[in-house]
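Remarks on the structure that follows.
The values are calculated or read from the model by the stated rules, or taken from the named source; none is laboratory data. Here the structure is a predicted model, which means the values were calculated and not measured. Cβ coordinates were reconstructed from backbone atoms using ideal geometry, including for glycine residues, and neighbour counts include every protein chain displayed.
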Amino acid sequence: MSRQGNRAGDPRKVNGELFTLTYGALVAQLIKDYENDEQVNKQLDKMGYNMGVRLIEDYLARANTGRCNDFRETADVIAKVAFKMYLGLTPVVSNWSAAGDEFSLLLESNPLTEFVELPPGHSNLNYSNIMCGILRGALEMVQMDVDVRFVQDTLKGDNITEIRLKFIKRLEDAVPVGED
Amino acid sequence: MTIFNFYLFDRHGTCLYYAEWNRKKQLTMSKEEEFKLMYGMIFSIKSFASRLSPTDMKEGFLNFTTSKYKLHFFETPSGLKFIMNTDLSVGNMKDVLHQIFSSLYVEYVVKNPLCELDQPVTSELFKTKLDEYIRGLPQFPIKATS
Amino acid sequence: MADEALFEFLHMEMVAHVHRSSAKDEKDQCISTLEALGFRVGQSLIERFTRECSRFKDELDTMKFLCKDFWSSVYKKQIDNLRTNHQGVYVLQDNKFKFLVQMSTGKQYMECAPQYLAFPCGMIRGALSNLGVNCIVTAEVSAMPACKFQIQIQRT
């Protein structure tokens with residue numbers, strides 16, 4: 001008769017795979033649609049940005065943390081709360097610049113690349129570039145203009161995956177009409 | 001106790017949503033003018049408060065009371081401003097405003113791809129859910145007149 | 001282990017991207033692109049699902065698996081109603097379909113619903129194709145957030 005139990009296993013695990021596989025299918029489609037890796041990187045960043053501006057609201061609603069006091073606190077919150085919440089991992093915050101306006105997130109494993117091997121001839125592809133866009137979009141919504149990019153990637157043979165975040169400027173609320 | 005009205009502004013000063021319940025007196029000015037005034041007032045009070053107390057701004061300003069009404073304010077770190085006017089007998093509404101953000105705005109606007117985040121909310125579902133939520137609050141009078 | 005909200009936002013953005021990058025009157029093209037993406041995902045997902053379980057007894061057993069296990073892993077709920085005419089047509093009804101539930105409980109946005117159902121249709125087709133069932137999958141919405149997926153088995 002009918003089978004007992006959920007043969008699909010741990011649903012959270014399946015969801016992780018669903019995301020990873022969907023992302024993989026998307027990147028494959030973009031590689032087909034665009035002429036070169038730079039354009040694919042750009043699209044991924046743009047799509048990530050659009051996701052980030054929505055994701056931040058979901059994050060703020062769930063994490064219920066207040067505004068960060070400085071960039072160091074922001075770095076900590078991204079690594080320990082946000083990455084943990086959405087990807088189930090905690091990157092290491094490191095390589096701070098002397099001015100304290102730049103740091104790196106070091107990832108030992110990357111769920112986005114779990115089943116992935118970079119096809120030959122795509123050495124300039126930043127496969128996980130959507131992450132940069134998500135971070136950029138999310139941070140912009142909390143008034144921080146930040147430059148985000150990959151500097152190391154295990155997919156390309158590096159020992160670790162490193163995302164670099166550089167603070168550019170603070171964005172201000174709109175001033176009402178007729179005031180300044 | 002009663003709730004008069006509700007405003008939601010984004011960080012650009014756009015009024016994303018407005019609703020009213022037990023608001024008896026109608027204004028002579030247009031809604032657009034009223035939104036501009038409201039955003040301007042909130043903006044001024046915020047900067048006034050931050051100048052008075054530049055070090056402790058985690059919470060910011062929460063509410064103020066006049067002889068006729070009480071204004072409640074909640075702002076997310078993303079600059080969404082939730083504003084509600086009630087009568088004087090209503091206590092702290094911070095949790096209510098937070099709930100509108102986390103359970104209604106995020107669920108029915110942010111997670112609805114057909115709602116643009118910088119445009120006024122057009123979702124009927126959000127409108128219905130908010131109305132249900134407000135009418136179900138203990139601060140909303142049992143015998144609704146509107 | 002990605003959070004489910006991440007998948008939802010990714011799907012939303014995928015739909016938006018496909019529409020942005022195609023000409024205005026190419027709605028059908030968008031639908032088929034999304035359907036093809038879903039097909040690939042459904043195919044690879046089912047491999048991970050069924051690695052360790054025995055073969056299905058018959059077609060109906062496969063459908064039941066789809067309605068229960070597959071659906072609850074992907075959408076966090078089971079299909080509410082499964083019907084068949086016993087001639088190769090199955091209708092799966094989800095009364096609160098995940099991608100529609102935050103949009104509307106009536107007619108609003110109805111004209112946009114198909115673009116959010118193309119990827120799920122493709123996933124069903126991909127999953128079934130990997131289980132040896134060739135089919136055509138279409139979706140129909142009469143009142144959101146309920147949705148009917150119709151599976152037509154192709155026997156050739």
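Those strands (runs of 3 or more DSSP E) of the range A:78-180 in which 1 or more residues are among the basic types (K, R) and within 13 Å of the chain's Cα centre (by Cα) occupy A:144-152, A:161-170. Considering A:F103, A:F167, A:F115, the condition of being surrounded by fewer than 21 Cβ atoms within 10 Å (Cβ to Cβ) and at pLDDT 95 or above is satisfied by A:F167 alone. In the set C:K77, C:K64, only one residue is surrounded by 14 or more Cβ atoms within 10 Å (Cβ to Cβ), more than 8 Å from every other protein chain (Cβ to nearest Cβ), of a type in the set (K, R) and in contact with a Phe, Trp or Tyr (Cβ under 9 Å, 6 or more places away or on another chain); that residue is C:K77. All of A:L139, A:L135 fail the test of being within 14 Å of chain C (Cβ to nearest Cβ), of a type in the set (A, V, I, L, M, F, W, C) and either touching a His at 6+ places or on another chain (Cβ under 9 Å) or under 30 Å from B:I42 (Cα atoms) (or both), apart from A:L135.
Looking only at the range B:30-43, residues that are surrounded by 10 or more Cβ atoms within 10 Å (Cβ to Cβ) and farther than 16 Å from B:D10 by Cα come to 2 in all.
Within the range A:152-163, how many residues are within 18 Å of A:K42 (Cα to Cα) and touching a residue at least 12 places away in the same chain (Cβ under 8 Å)?
2
Tell me which residues, restricted to the range C:97-140, are in contact (Cβ under 8 Å) with a residue 40 or more places away in the chain, outside any helix (DSSP H, G or I) and more than 14 Å from chain B (Cβ to nearest Cβ). Passing the criteria: C:L131, C:V133. When the residues of the range C:1-20 are filtered to those that are surrounded by fewer than 21 Cβ atoms within 10 Å (Cβ to Cβ) and more than 7 Å from every other protein chain (Cβ to nearest Cβ), the one that is nearest to the chain's Cα centre (by Cα) is C:H19. Within this structure, B:Y133 fails the test of being modelled with pLDDT of 95 or more, hydroxyl-bearing (S, T, Y) and buried (at least 22 other Cβ atoms within 10 Å of the Cβ).
Taking the range A:78-100, which residues are buried (at least 17 other Cβ atoms within 10 Å of the Cβ) and away from chain C (no Cβ under 14 Å)?
If the condition is that a residue be buried (at least 17 other Cβ atoms within 10 Å of the Cβ) and away from chain C (no Cβ under 14 Å), then A:I78, A:A79, A:P91, A:V93 are the ones that fit.
Cβ-Cβ distances below 8 Å connect the following pairs, each with a first residue in the range C:82-94 that is under 13 Å from C:R155 (Cβ atoms), a second residue that is assigned to a strand (DSSP E or B), and a separation of six or more residues or different chains: C:G88/C:Q152; C:G88/C:I153; C:V89/C:Q150; C:V89/C:I151; C:V89/C:Q152; C:V89/C:I153. The residue of the range B:92-131 that is nearest to the chain's Cα centre (by Cα), among those that are within 14 Å of chain A (Cβ to nearest Cβ), assigned to a loop (DSSP other than H, G, I, E, B) and of a type in the set (A, V, I, L, M, F, W, C), is B:V121. When B:S67, B:S47 are checked against the criterion of being more than 10 Å from the chain's Cα centre (by Cα) and either at positive phi or more than 14 Å from chain A (Cβ to nearest Cβ) (or both), B:S67 stands alone in meeting it.
Residues that are within 20 Å of A:Q43 (Cα to Cα) and surrounded by fewer than 19 Cβ atoms within 10 Å (Cβ to Cβ) within the range A:134-151 comprise A:E140, A:D145, A:D147, A:R149, A:V151, listed in sequence order. Figure legend. Inter-residue proximity from the range B:132-146: first residues assigned to a helix (DSSP H, G or I), second residues modelled with pLDDT under 55, beta-carbon distance below 7 Å, spacing 6+ or different chains. Indicated pairs: B:R135/B:A144. Taking A:N69, is it at pLDDT below 95, within 12 Å of chain B (Cβ to nearest Cβ) and not in a helix (DSSP H, G or I)? Spelling it out, A:N69 is indeed at pLDDT below 95, within 12 Å of chain B (Cβ to nearest Cβ) and not in a helix (DSSP H, G or I).
Here the strands (runs of 3 or more DSSP E) wholly within the range B:1-91 that include at least 2 residues being touching a strand residue (DSSP E or B) at 6+ places or on another chain (Cβ under 7 Å) and under 17 Å from B:F140 (Cα atoms) are B:3-9, B:15-20, B:70-75, B:81-86. Every test in (1) out of contact with any Asp or Glu (no Cβ under 9 Å at 6 or more places or on another chain); (2) touching a residue at least 24 places away in the same chain (Cβ under 8 Å); (3) away from chain B (no Cβ under 14 Å) is passed by A:K166 save one, and that test is (1). In the set B:L97, B:L71, only one residue is within 30 Å of C:A16 (Cβ to Cβ) and surrounded by 13 or more Cβ atoms within 10 Å (Cβ to Cβ); that residue is B:L97. From the list C:Q29, C:Q43, which one is crowded, with 17+ Cβ neighbours inside 10 Å, more than 14 Å from chain B (Cβ to nearest Cβ) and of a type in the set (S, T, N, Q)? Of the residues listed, the single one that is crowded, with 17+ Cβ neighbours inside 10 Å, more than 14 Å from chain B (Cβ to nearest Cβ) and of a type in the set (S, T, N, Q) is C:Q43.
The residues of the range C:107-146 that are of a type outside the set (F, W, Y) and on the phi > 0 side of the Ramachandran plot amount to a single one, C:G132.
Scanning the range A:13-55 for residues that are more than 12 Å from C:M14 (Cβ to Cβ), polar (S, T, N, Q) and within 9 Å of another protein chain (Cβ to nearest Cβ) yields a count of 2.
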